[in-house]
Amino acid sequence: MTMSTYMVPFLDLSIHNEEQRSELIAAVDRVFMHGRLVMGPEVDEIERIVARDCRRRYAVGVGSGTDALWMAMRVLGLRPGDEVVTTSLSWIATANAIAMAGAIPVFADIRCDLNIDPESVRRLITDRTRAILVVHYTGRMCDMQALSEIAEEHNLALVEDAAQAYGASLNGRPAGSFGNLACFSMNPMKVFAACGEAGMIVTDDTEQYERLLALRYNGCVNREVCIEPSTNGRIDTLQAAILLTRHRHLAALLKRRRSNAARYDKLLQGVVDTPPIAPGEHAYYTYTIQADRRDELQDFLEKHGVETKIQHPILMPEQPAYSNRAVNESVNACCLQKRILCLPIHENLAVDEIKYVAARVCEFYP
Ligand SMILES: *Cc1c(COP(=O)(O)O)cnc(C)c1O
């Protein structure tokens, strides 16, 4: 049934399970029937649920994780020349958000867990630094205690790019509950996923909330009055309806990913560097190993029908858009970026598929 030519595809977004399909179709059909196709009741409801999950007062549904990030940067009131310290290793949307809001991204190094290194952040702070934008990379929580302390000490805003981390937590506190603002992506590849583009911003601050409502609607308040230039970045009602349905299965789905990861951990121990033990609960957006001869391993797995990904092969400060002006520390990031490889981890993976993937990895390192 799958369109993939791989025996074990990295991710298969087609839905063949009858129960899942009819549930999603029914959710979409309800929107057709009530006809409120823009900002319908499903939007209010999913915003309420996300706010509750993140223990926040407000959630604002937007068009994508990218929208969420740049709107979060916009409400910080950054001025030209202001700096925002972020990680070196993330999807480029993270750096773009800072630049699109008119500020300068400054790229900190990462630790072996692939998350931003608080000590590197500390070294990069200048009198122009206004905020820290951290990424819970692969679905693993950053060292939020150290990062919160640094932010407080230097009077900086702290923003979480939790695009990969819906459902992750640290000391019982969910991803999205730590920063002044936090951003999520619900694009189809993410763990909590719509069937198209979607994103969410959470905050406790009423002023920020009201400004975000304007920012997602061409900068308009009261439907017509524009108070600042912006774009149309509202969440789609059909995607909100799909997210409501998917949310009912989210806990089970996270459980599956965690047990898949535990299985890999066991089978691959001592063969490659498996993800270090996570503090708190990992969301396993990706299961990222660190391996010698990574490119050869990837080719070998590909030949044996296993699709893997390198997320991401180009560090953000090395992207053409940033390389000529990037301020950065990325000694560890440069080493790690040559060793990382994401194995299939999705919730529909069968135990035999995990065993097959692990056996091929073991075969590569005799
Ligand atoms: C997916 C992702 C984004 C962007 O989200 P979109 O919904 O694709 O725009 C931003 N940051 C990180 C870390 C991501 O993984």
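General observations
- Checklist (1) out of contact with any Leu (no Cβ under 6 Å at 6 or more places or on another chain); (2) open to solvent by 30 Å² or more (accessible area, probe 1.4 Å); (3) more than 14 Å from Cys54 (Cα to Cα); (4) in contact (Cβ under 8 Å) with a residue 60 or more places away in the chain applied to Asp204, failing item: (3)
- From the list Leu170, Leu147, Leu156, Leu124, the lone residue that is aliphatic (A, V, I, L, M) and either open to solvent by less than 10 Å² (accessible area, probe 1.4 Å) or under 14 Å from the mean Cα position of the chain (by Cα) (or both) is Leu147.
- Taking the criterion of being more than 9 Å from the ligand (Cβ to nearest atom) and surrounded by 24 or more Cβ atoms within 10 Å (Cβ to Cβ), the residues of the range 175-187 that qualify are Ala175, Gly176, Gly179, Leu181, Ala182.
- Among the candidates Leu297, Leu349, residue that is open to solvent by less than 10 Å² (accessible area, probe 1.4 Å), more than 27 Å from Gly176 (Cα to Cα), part of a loop (DSSP other than H, G, I, E, B) and touching a helix residue (DSSP H, G or I) at 6+ places or on another chain (Cβ under 7 Å): Leu349
- Within the range 300-320, the set of residues being open to solvent by 50 Å² or more (accessible area, probe 1.4 Å) and of a type in the set (Asp, Glu) comprises Glu302, Glu318.
- Checking each residue in the range 86-128 for being more than 22 Å from Ile340 (Cβ to Cβ) and either small (Gly, Ala, Ser) or outside any loop (DSSP other than H, G, I, E, B) (or both) picks out Ala97, Ile98, Ala99, Met100, Ala101, Gly102, Ala103, Ile104, Val106, Arg122, Arg123, Leu124.
- Single unsatisfied condition, Leu268 versus (1) modelled with pLDDT of 95 or more; (2) more than 20 Å from the chain's Cα centre (by Cα); (3) surrounded by fewer than 17 Cβ atoms within 10 Å (Cβ to Cβ): (3)
- When we screen Glu210, Glu152, Glu197 for residues that are modelled with pLDDT of 95 or more, more than 22 Å from Val84 (Cα to Cα) and more than 12 Å from the ligand (Cβ to nearest atom), the only hit is Glu210.
- Taking the criterion of being of a type in the set (A, V, I, L, M, F, W, C), within 14 Å of Arg55 (Cα to Cα) and assigned to a strand (DSSP E or B), the residues of the range 137-182 that qualify are Leu170, Leu181, Ala182.
- Every listed requirement among (1) within 30 Å of Glu149 (Cβ to Cβ); (2) surrounded by 21 or more Cβ atoms within 10 Å (Cβ to Cβ); (3) within 16 Å of the ligand (Cβ to nearest atom) is met by Lys190 save one, (2).
- Residue selected from the range 70-121 under the condition charged (D, E, K, R) and surrounded by 19 or more Cβ atoms within 10 Å (Cβ to Cβ), by the criterion nearest to the chain's Cα centre (by Cα): Asp113
- Hits in the range 143-184 - residues which are farther than 19 Å from Ile132 by Cα and in contact with a strand residue (DSSP E or B) (Cβ under 6 Å, 6 or more places away or on another chain): Tyr166, Ala168, Ser169
- Residue within the range 57-74 that is within 16 Å of the ligand (Cβ to nearest atom) and polar (S, T, N, Q) present: yes
- Test: residue in the range 25-41 that is out of contact with any His (no Cβ under 7 Å at 6 or more places or on another chain) and either closer than 28 Å to Asn324 by Cβ or surrounded by 24 or more Cβ atoms within 10 Å (Cβ to Cβ) (or both): no
The values are calculated or read from the model by the stated rules, or taken from the named source; none is laboratory data. Quantities reported herein were computed from a predicted structural model and do not represent experimental measurements. All Cβ positions, glycine included, derive from the backbone under ideal geometry; neighbour counts span all protein chains shown. SASA here: full protein model, heavy atoms, side chains in, ligands and nucleic acids out. Shrake-Rupley method; radii C 1.70, N 1.55, O 1.52, S 1.80 Å.
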